[in-house]
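The values are calculated or read from the model by the stated rules, or taken from the named source; none is laboratory data. Worth saying up front: this structure is predicted, and the values here are computed from it rather than measured. Positions of Cβ are generated from backbone atoms using ideal geometry, with glycine treated the same way; all protein chains shown enter the neighbour counts.
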Amino acid sequence: MEIIEKELNELNKFLIASIPKDKNEIAQDISEYLSAKSKRLRPAFVFLFSKALGIDIDEKIYSLASAVELIHNSTLVHDDIIDNAETRRGKVSLNFKLGNSLSVLAGDILLAVSLRHLVKCGDLDVVKIFSDTLYQMCEGEINQNFAIGKLPSMDEYIKKSENKTAELFKAPLVSLSRIANLNKDDELLSFAYNFGIAFQIKDDLLNILQTDETKPIMSDIHNGIYTAPVIFLNDDIKNVESLSEDEIIQNVISDNKYINKTFDLIKEYADRAIDSISFMEDNQYKQEIIKITQNLYKV
């Protein structure tokens, strides 16, 4: 995203400065984790929407962008512990490098530092928005844990995707609306909700298609977590959860119908997201937001 390269570079400085390397024995490991190549998509949206809407990117905006990225990284650290993941972003995961106990604390440090940035936003509503978001994200993970091995309905799957992913797209954009007094909470909430759902469905699909080598492959089905392609498969093969892992995978990838139906579902939510920002004047930043959203339903 070259049009916000300056802001993303400045964000990286904010993130690294947030974790003083001489404070504790794992600070260097946390800094290296934050420095690993990543999409920075959530803070990127903070910058893109700010520029598209004519909002000056000041310290409050950088604090908001830093907070959401730190929270995102905190959840990734804890997710890797839960999943016993060996890699993250093409490198050894913190839990395999430091062990689970220290990795829990590393995730907690990231979360604690994010709170400092939220306070700098200067609006108590922003802190409340993010606290509610964190609760919803935890609830989503808990519900997923108790649903392991059970095939969800499509509505249940979408709700889980909202809690796990869309919530952390909603929080910074609604917060941006509050900080800048835009009075566009509903429109930005709608974009974030629909983009987040599309993003999670695409992420789940990549787990099956094995196209993202920086993440564990086929881990969802192996762990008894059934996503959109498997739900579509169940429309033709009832009680799909009674099949073996290999049988489910083979049935899904051998018939493009289930993959195509999943891409159609992604496009449905992506198009809704784009419709939600029709109120914005056309400019290069809005076009970049649209481009990112449309890329979700491209192979």
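Exactly one residue out of Tyr226, Tyr269, Tyr258 is of a type outside the set (A, V, I, L, M, F, W, C), closer than 20 Å to Asn145 by Cα and in contact with a Leu (Cβ under 9 Å, 6 or more places away or on another chain): that is Tyr226. When you check Leu173 against the structure, is it at pLDDT below 95, assigned by TED's automatic domain parsing to the domain that holds Asn239 and not charged (D, E, K, R), yes or no? No; evaluated as a whole, the condition is false for this residue.
One residue stands out among those in the stretch 82-97 that are surrounded by fewer than 20 Cβ atoms within 10 Å (Cβ to Cβ) and in a helix (DSSP H, G or I): the one that is modelled with the lowest pLDDT, which is Asp83. In the stretch 1-25, the residue that is surrounded by the fewest Cβ atoms within 10 Å (Cβ to Cβ) out of those that are within 22 Å of the chain's Cα centre (by Cα) and without any contact (Cβ under 8 Å) to a residue 12 or more places away in the chain is Glu2. Just one of the listed residues (Glu162, Glu141) is modelled with pLDDT under 95 and in contact with a helix residue (DSSP H, G or I) (Cβ under 8 Å, 6 or more places away or on another chain), namely Glu141. The numbered conditions (1) of a type outside the set (A, V, I, L, M); (2) closer than 17 Å to Ile221 by Cβ; (3) part of a helix (DSSP H, G or I) are all true for Gly149 except (3).
Kindly provide the set of residues from the stretch 86-100 that are free of Cβ contacts under 8 Å to residues at least 24 places away in the same chain and within 14 Å of Ser74 (Cα to Cα), ordered by number. Write out each step before concluding.
Residues of the stretch 86-100 that are free of Cβ contacts under 8 Å to residues at least 24 places away in the same chain, as a first pass: 92-93, 95-96, 99-100.
Hits for the stretch 86-100 are Ser93, Asn95, Asn100.
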